[in-house]
Amino acid sequence: MRDSVPEFRLRRRALLAGSVALAAPALLSTRARAAEDRVVLATWGGDYARLLRENIDTPLLAPKGVKVVQTIDDEPPRIAQMIAQRMLPRGTFDVASLEAAYAYRLKDMNLLETLDESKIPNLKYVHPNLRTNFFVPHIYSPQVLIYDPKQVTAPTNFGDLLGPKYKGKVGFPTNNNFYVAMAASLYASGNVTDIEKAKALLIKLNQNGLRLYPETDSIAAAFKSKEINSGVMWLARVVMWQNAGISVAASFPKEGSVLYVSGFVVPKNAVNKQGAYQFLNAMLEPSAQQGFAAHMGYLPTVTNAPLSGKVAEQLALPNPAPRLVSPDYAYDAKETAPFNSWWQSKIQQG
Amino acid sequence: MNATAPAIAVPRRRSGGGITAGAMVLPATVIVLVMMAAPLILLARDSVNHFDPTDLMTAALTPQSYLRFFTDPYYLRVMRTTVLVAVSATGLCVLFGVPIAYRLARSRSRWKSAIVVALVLPLFMSGTVRTLGWMILFIKGGLLGSVLRLVWPDDSIDLMYTPFAVMVGLLSFVLPYLVLILQASFEKISPALEEAARGLGATPGRAFRRVVWPLLLPGLINAVILCLIMNMNAFATPLLLGGPRFAMMAPQIYTEFATNNNWPLAAALSLILMFVTLVLSVVANRLVPRRYRA
């Protein structure tokens, strides 16, 4: 008797046809992407991604038919992706969130589009000291001395952290190490580029029982458990933790505050550059800027987004106005890697 | 009545017809090989590129990253810590895992399945989530910290960001694997052998040492090598529980890659870590007499 079960045979042509059918969406995706005006945004996740959607994508871009697709990752993999894709004619994203220091490095590597300022009308409202032609600043925050007012009185300059009441109770996230060094340099020399003097101060601080944490949020837990009573932190984080009920306050150091600036860049090989420009312009809208200030505690980078109520109070700069100092990004690019090596062997293992 | 058995139709193999089982396995095998080999080749190539703080990685053929590892005491110290922690954690796993696996294998309790499930349950969640759980326990003001404070009120003992925390985190991650492997090995060893040894006058300890242990060795060495590999390459546990002052190789590689953008050094460290892990695995295997190896 002949076996009645039908034979299944995969022929080569069928296999090829199946493979082509499976690969078709991927092959056609870039064309389809441009047609529906989709902007691919590479950014951080969590609250930042949510606030981008709530303050920019949904209220400002969706009504214009622009759909923003977020690809979520940390900053280092995003940068790695941009470097790895540098030879490709079409990159995988149109806009990328970056800290200013990294934007300057990628600009030096010729990976970033020089922006056509006529396509970003809101650029004229950006603070002049934050403007460049390859990076659009989104948010910024001054670096302040953070302390717990229930445990200690306010430190007034970086050197105060070496005092006996802060001994063994000063904490930094190690990922902010270069900014901490800039703060130390500002105290020691009045500028942000005297890393050698900063190193001497950091060694003293380390000998005084400096506590190091793997990332920024662990600082909040350390304040909450009273493991530390002071440190150096962004004003935005101080505000965020105050809103979370943690006993912390900010003190602007007399020598000045280094600025942290985060924003967006357009890779040279972005597929939808027009969409990218629309996104950049939308994120500078006053409503979007105010939304970020209210929820994340970062200051608006534009002059036409005044703050009001509790946010204005929390983010108000003291009177007289403190000295706000932008990092020397070219210097940072050159010095960060050697400094990190020094930090690893002398501070982390010191 | 026809007494002959009905003939079974044996399908003849036709050349050029359908794709055979071997041919169907081939694409997957090729994909796996390519996906494994290609990154390794890329790593090897990147590891001899030049690093410049401004231009980052530029194409070259230089041993600078390897030289840096062997001449900078910091990296040698990180490797030493990694090997020490991995070997210690593996030793502790064996110490705790062998009795658990033995009891489990010999158990006739109706709760045996439940115990096995409880053992495997931590593996259902990601390593990072599990590590965050340990952080909540260890952190000052956390559950364990608060209990410790009752005993030790002066608040001088830190659990978080200590080698102890890393060791506990690694054990919790690796121990279930070791127990499961060893339980399977113990199940294959007939209890009758132990009973025979004891019938011939051996004490329980001697029966275990002379009869069960040699038979367990092939399975044990596989489990030890697996634990060693996992401990050597641990990332989230040393990063989150050890803190910045406790450096192990995997977090260090990420730091070189992500913070310093030093891809050549990160690639060189990855290959060195892989090589050291391989050497340790071979050494572990060689420690077992040849006649007991699988």
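Restricting to the range A:180-204, name every residue that is buried (at least 22 other Cβ atoms within 10 Å of the Cβ) and either closer than 20 Å to A:V248 by Cβ or away from chain B (no Cβ under 14 Å) (or both).
A:V180, A:M182, A:A183, A:A184, A:S185, A:L186, A:V192, A:A198
For every residue, the table says whether it meets (1) at pLDDT 90 or above; (2) over 17 Å from B:M230 (Cβ atoms).
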| position | (1), (2) |
| --- | --- |
| B:L95 | yes, no |
| B:V98 | yes, yes |
| B:V120 | no, no |
| B:K140 | no, yes |
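Could you please let me know if A:A154 is within 27 Å of A:F223 (Cβ to Cβ), within 14 Å of chain B (Cβ to nearest Cβ) and touching a residue at least 40 places away in the same chain (Cβ under 8 Å)?
Considered against the rule, which asks whether it is within 27 Å of A:F223 (Cβ to Cβ), within 14 Å of chain B (Cβ to nearest Cβ) and touching a residue at least 40 places away in the same chain (Cβ under 8 Å), A:A154 comes out as no.
In the range A:310-350, what residues are assigned to a helix (DSSP H, G or I) and facing chain B (nearest Cβ under 8 Å)?
A:A333, A:K334, A:E335, A:T336, A:A337, A:P338, A:N340, A:S341, A:Q344, A:S345, A:Q348
Look at the range A:314-340 and say how many of its residues are touching a helix residue (DSSP H, G or I) at 6+ places or on another chain (Cβ under 8 Å) and aromatic (F, W, Y). Before the answer, list the steps.
Applying the first criterion (touching a helix residue (DSSP H, G or I) at 6+ places or on another chain (Cβ under 8 Å)) to the range A:314-340 yields A:314-315, A:325-327, A:329-330, A:332-333, A:335-336, A:339-340.
Checking the rest, the ones that are also aromatic (F, W, Y) come to A:329, A:339.
Selection size over the range A:314-340: 2.
Going by the structure shown, is A:V40 modelled with pLDDT of 90 or more, under 30 Å from B:N262 (Cα atoms) and surrounded by 13 or more Cβ atoms within 10 Å (Cβ to Cβ)?
yes
Look at the range B:161-176 and say how many of its residues are in a helix (DSSP H, G or I) and either more than 12 Å from the chain's Cα centre (by Cα) or surrounded by fewer than 18 Cβ atoms within 10 Å (Cβ to Cβ) (or both).
8
Considering each residue of the range A:103-131, count those that are buried (at least 18 other Cβ atoms within 10 Å of the Cβ) and either free of Cβ contacts under 8 Å to residues at least 12 places away in the same chain or among the small types (G, A, S) (or both), and give that number.
Count: 1.
Yes or no, residue by residue, for (1) under 30 Å from A:S341 (Cβ atoms); (2) aromatic (F, W, Y); (3) out of contact with any strand residue (DSSP E or B) (no Cβ under 6 Å at 6 or more places or on another chain):
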residue: B:L178; (1), (2), (3): no, no, yes
residue: B:Q183; (1), (2), (3): no, no, yes
residue: B:A196; (1), (2), (3): no, no, yes
residue: B:T203; (1), (2), (3): no, no, yes
residue: B:W213; (1), (2), (3): no, yes, yes
residue: B:G219; (1), (2), (3): no, no, yes
residue: B:C227; (1), (2), (3): no, no, yes
residue: B:F235; (1), (2), (3): yes, yes, yes
residue: B:P251; (1), (2), (3): yes, no, yes
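Does the range B:266-294 hold any residues that are of a type in the set (F, W, Y) and surrounded by 11 or more Cβ atoms within 10 Å (Cβ to Cβ), and which are they? Quick ask: steps written out before the conclusion?
Quick first cut of the range B:266-294, residues of a type in the set (F, W, Y) only: B:275, B:292.
Within the range B:266-294, B:Y292 is the sole residue that qualifies.
Step by step: first the residues of the range A:91-126, then only those that are within 24 Å of A:A49 (Cα to Cα) and part of a loop (DSSP other than H, G, I, E, B), then the one that is nearest to the other protein chains (Cβ to nearest Cβ). Which residue is that?
A:L111
Taking the options A:E285, A:E255, name whichever one is of a type in the set (D, E), surrounded by fewer than 24 Cβ atoms within 10 Å (Cβ to Cβ) and more than 24 Å from A:D328 (Cα to Cα).
A:E285
The values are calculated or read from the model by the stated rules, or taken from the named source; none is laboratory data. Nothing here was measured: the structure is a model prediction, and the numbers come from that model. Reconstructed Cβ throughout: ideal geometry from the backbone, glycine too, with neighbour counts over all protein chains shown.
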